[in-house]
Amino acid sequence: MRKYSSWLFFLWLILISFNGFGQDYVDLFRVQYSGTPLNNYKPDSVSSSGSNIEELGVDLTLPIKLNEKFVIITGYSFDQLEVLPFPQYQTGAEWHYRMHSLKAGLSWQHNDTWSGQYLLIPKTTGRLDIINNKNSQLAALALIKQKKKENLFLRYGAYYNSEIFGPFFVPLLGIWYRSPNKKFEMNWTLPVWADMNYTWKSWFTTGLNFQSFVRSFYAPNYYSNYGSNSGSPDHYMVKASNETFLYTQFNIKRSFIIQTKVGHSIGRSFRHYNDGDNVDWGFSAFRFGDNRTQLNPDLKDGLIFQIRLIYRYWIKEECADDTARLF
């Protein structure tokens, strides 16, 4: 059993795909760009100028209200990562990793106290014209919400994904609180997501955010694509990262939101493994039966600059979905 240095999760994502539903609103559309200046490899003895890291995410969510109890959740998300995982290649020739995700599920208001969201999230990492059992994944999420007060909710849930490295499970525990004057908001779903913010003016909010991700990308014949070792086996890459941010948020006519964020990664890695070199199973930050051989050095942690554009639709609280900002 090996404990990962990064205390998970993606795991903002399908669930960072599901960035969208709040307590009394749903983010119907989100686009974000993240950039990290040149990062060196570890250890310092690795001879290379390092790698830039760029990420682009687009998320679309379409809820369909059936009645006061049931809302169908549908949507699509796209994520692209550019990084140079191997120092022997020249900076400026970063490799592209892509993920497409669909969302299908149900938000169910069981009674005045309990409600839940239940989702299936099929994903593919690579070209859409080549989909097979190597680059396809299936995630499932169940998140139960308990209403304690009008401004206080507790959350309990679990996430599963058939990651390329093996089956992966994460328990979820969360809390949402909003102050009586509606200026302070706390929204945590640990170990994946934590956010606290304060609204100074109707148009201006500042906040502190933590997010933890694990994602796996199929990487077929990358060596041959870059001019050497054409006989090498296919790879897969696992991104693991914890990220903390300070941010400012500008609320334009209530529904249009711009966030500018400055943060730093903690224990971020982009580790390549040979296809088929897997673990028995993963549970949160732990891997059981992990005897894999890492093929590339890790990059050092660094600053992250991010901008997010959001279109937010305000709805009654009982129709809201809490999964939007998790994976």
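At a glance:
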{"quantity": "Count of residues meeting criterion [over 21 Å from the mean Cα position of the chain (by Cα) and in a strand (DSSP E or B)] in the range 113-153", "calculated": "8"}
{"quantity": "Sole exception among (1) charged (D, E, K, R); (2) at pLDDT 90 or above; (3) over 16 Å from Asn39 (Cβ atoms) for Glu55, by number", "calculated": "(3)"}
{"quantity": "Hits in the range 272-296 - residues which are assigned to a strand (DSSP E or B) and either at pLDDT 95 or above or more than 21 Å from Tyr159 (Cβ to Cβ) (or both)", "calculated": "His272, Tyr273, Asn274"}
{"quantity": "Search result, residues across the range 105-133 that are loosely packed, with under 14 Cβ neighbours inside 10 Å and of a type in the set (Lys, Arg)", "calculated": "Arg127"}
{"quantity": "The range 116-143 - residue that is among the hydroxyl-bearing types (Ser, Thr, Tyr) and closer than 11 Å to His100 by Cβ and, of those, modelled with the lowest pLDDT", "calculated": "Thr125"}
{"quantity": "In the range 58-94, residue surrounded by the most Cβ atoms within 10 Å (Cβ to Cβ) [restricted to those that are modelled with pLDDT of 90 or more and of a type in the set (Gly, Ala, Ser)]", "calculated": "Ser77"}
{"quantity": "Filter pass, Ile307 being in contact with a strand residue (DSSP E or B) (Cβ under 6 Å, 6 or more places away or on another chain), surrounded by fewer than 17 Cβ atoms within 10 Å (Cβ to Cβ), part of a strand (DSSP E or B) and at pLDDT 95 or above", "calculated": "yes"}
{"quantity": "Count of residues meeting criterion [small (Gly, Ala, Ser) and in contact with a Lys or Arg (Cβ under 6 Å, 6 or more places away or on another chain)] in the range 249-284", "calculated": "1"}
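For every residue, the table says whether it meets (1) out of contact with any Phe, Trp or Tyr (no Cβ under 8 Å at 6 or more places or on another chain); (2) at pLDDT 95 or above; (3) within 21 Å of Arg268 (Cα to Cα).
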position	(1), (2), (3)
Ala158	no, yes, no
Leu190	yes, no, yes
Tyr198	no, yes, no
Leu208	no, yes, yes
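The values are calculated or read from the model by the stated rules, or taken from the named source; none is laboratory data. Remember, predicted model here, so these are calculated numbers, not experimental data. Positions of Cβ are backbone-derived with ideal geometry, glycine not excepted, and every protein chain shown enters the neighbour counts.
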